[in-house]
1. Note the full-extension length gain between Asn17 and Arg73 as 0.36 nm times their separation in residues minus their Cα-Cα distance, in nm to one decimal.
2. Would you kindly work out the equivalent ellipsoid of the chain from its C-alpha gyration tensor and give its semi-axes, the square roots of five times the eigenvalues, largest first in whole Å?
3. Tell me, in nm to one decimal, what length is gained between Lys25 and Asn38 on full extension, where the rule is 0.36 nm per residue of separation less the Cα-Cα distance?
4. Residue by residue through the stretch 53-59, what is 3J(HN,Hα) from phi via Karplus (6.51 cos²θ - 1.76 cosθ + 1.60, θ = phi - 60°)? Round to whole Hz and write x for glycine and proline.
5. Hand me the chymotrypsin sites (Phe, Trp or Tyr not before Pro) from the stretch 1-67 located in a DSSP loop with no more than 14 other Cβ atoms within 10 Å, in residue order please.
6. Calculate the spin-label point distance for Asp59 paired with Val45, positioning each point 7 Å from the Cα along the beta-carbon direction, and give it in nanometres.
7. Among residues other than Ala8 whose Cβ falls under 9 Å from its Cβ, what is the net charge (Lys/Arg +1, Asp/Glu -1)?
8. Find the centroid of the Cα atoms in the stretch 51-71 and in the stretch 3-42, then give the distance between the two in whole Å.
Amino acid sequence: MSFTLPHAISTYFSISNGADIARVKDCFTVDAVVTDENKTHQGHVAIAAWQRAAQATFDYSVEPIKVLNEGDRVTVTSNVVGNFPGSPVKLNHSFGLIGDKINTLEIL
């Protein structure tokens, strides 16, 4: 399946798959909010810490398999495979964009 993701979302998935976490600033707004596993992470520092913790706890890869564009909201269904309980799993990443950056991300 072939599709194009907005640059910020593509960068986010690169970070999730092991790219430099400092690139969080390249894809998220300064006041961005991420909600994952019923926890909220706001701002570059908190989002980078969330990514570091996930990468330190588990080895995993995230592969986008479907995208739905609805205005400034982009929902990406991804296949996540790793050494975590329940792997593999399909997750929906619901991104809210402002301009060319992610302002909100909810992972379900």
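Laboratory data are not the source of any read-out in this text; all were calculated from the coordinates shown. This structure is a prediction, so every number in the text was calculated from the model and none was measured. Every residue, glycine among them, receives a Cβ derived from its backbone with ideal geometry; neighbour counts consider all protein chains shown.
1. On the way: separation 56, 0.36 × 56 = 20.16 nm, distance 2.21 nm.
That works out to 17.9 nm of additional length.
2. Semi-axes (√(5λ), whole Å): 19, 17, 12.
3. In short, 2.4 nm is gained.
4. Taking θ as phi minus 60°, the curve returns 4, 4, 6, 6, 7, 9, 9 Hz for the stretch 53-59.
5. The qualifying sites are Phe3, Phe58.
6. About 3.3 nm, to one decimal.
7. -1
8. If we compute the Cα centre of each part, the gap is 9 Å.
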